[in-house]
Amino acid sequence: AASVYPLYEKALRDASALDFDDLINRTVELFKAQPDVRKKWQHQFHYIMIDEYQDTNLAQYQLVKMLVNDHHNIAVVGDDWQSIYSWRGADFRNILNFENDYKNCTVIKLEQNYRSTKHILDAAHAVITKNAQRSDKKLWTDAGAGTPVQIVPVHNERAEGEAIIRRVRMGVDSGQRKFQDYAVLYRTNAQ
């Protein structure tokens, strides 16, 4: 990547093009260097709303801070407990710092979960509370206790797939379930 990146940057310059990161970084640079341009854009947008704020990166955070005008008409939605994009530069601390950045903000915690059972929420809570930096909340549900969470240790992704196949096959072969009763969820297509 290090040897190819200068060629990539040259190709962008030769084409008078920007990639996605450049669109944000160059705008931040412009706003820092040209306060009058920043002011124009601050007055262009009367309200700013950001979804999945926990997955914003430093450049996005800086851009937002520069766009918010004196009225501080900003609303963000997010959950630091669900931040999953640190590998691409997201910083969940952006949402943790929101109350400090915007002193008069109102925080509404959505703690009721409508999709999961108590056992699942308790397991998630037991894991997330190990994080030193996190918001304080307690998820709850009216969905009942549900089936206890089971942890199935496996050696690798192939063993994981085989364990799932065995579990489904056991349910179907016993007559208690049909194949259509199962769904297998995965995060990336490579799985």
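Considering only Cα atoms, the convex hull volume of region 67-146 works out to 120 Å³ per residue. Placing unit charges on the Cβ atoms of the charged side chains and taking the dipole of the chain about its Cα centre, the candidate lying farthest along the positive direction among Pro148, Phe31, Leu67 is Pro148.
So which of Lys40/Lys103; Lys103/Lys138; Lys10/Lys32 end up more than 26 Å apart by C-alpha? Beyond 26 Å between Cα atoms: no listed pair.
What the pair-distance distribution of the chain shows, using all Cα-Cα distances binned every 5 Å from zero, is 1, 6, 10, 12, 14, 13, 11, 10, 9, 7, 5, 3, 1, 0, 0 percent. Per-residue accessible area (protein heavy atoms, 1.4 Å probe) orders His125, His72 as His72, His125, starting from the largest. The apolar share of the surface of the chain, taken as the fraction of accessible area on carbon and sulfur atoms (1.4 Å probe, ligands and nucleic acids excluded), comes to 54 percent.
Calculated on the Cα set of region 109-154, radius of gyration then Dmax: 11.7, 36 Å. The HN-Hα couplings worked out from phi for region 180-189 by the Karplus form 6.51 cos²θ - 1.76 cosθ + 1.60 (θ = phi - 60°) are 5, 7, 10, 9, 10, 9, 8, 7, 10, 5 Hz, whole numbers, x standing for Gly and Pro. Here the contact order of region 86-185, divided by its residue count and restricted to Cα pairs under 8 Å and six or more residues apart, works out to 23 percent.
Computed across region 142-187, the Kirkwood hydrodynamic radius from all distinct Cα-Cα pairs reaches 12.4 Å.
Think of a 1.4 Å ball rolled over the protein heavy atoms: region 137-186 then has 90 Å² of accessible area per residue.
The values are calculated or read from the model by the stated rules, or taken from the named source; none is laboratory data. Only a predicted model underlies this, so the values are computations on that prediction, with no experimental measurement involved. Using ideal geometry, Cβ is built from the backbone for each residue, glycine included, and neighbour counts are taken over all protein chains shown. The protein model used for the area step is the full one, side chains on, heavy atoms only, and it has no ligands, DNA or RNA in it. Shrake-Rupley method; radii C 1.70, N 1.55, O 1.52, S 1.80 Å.
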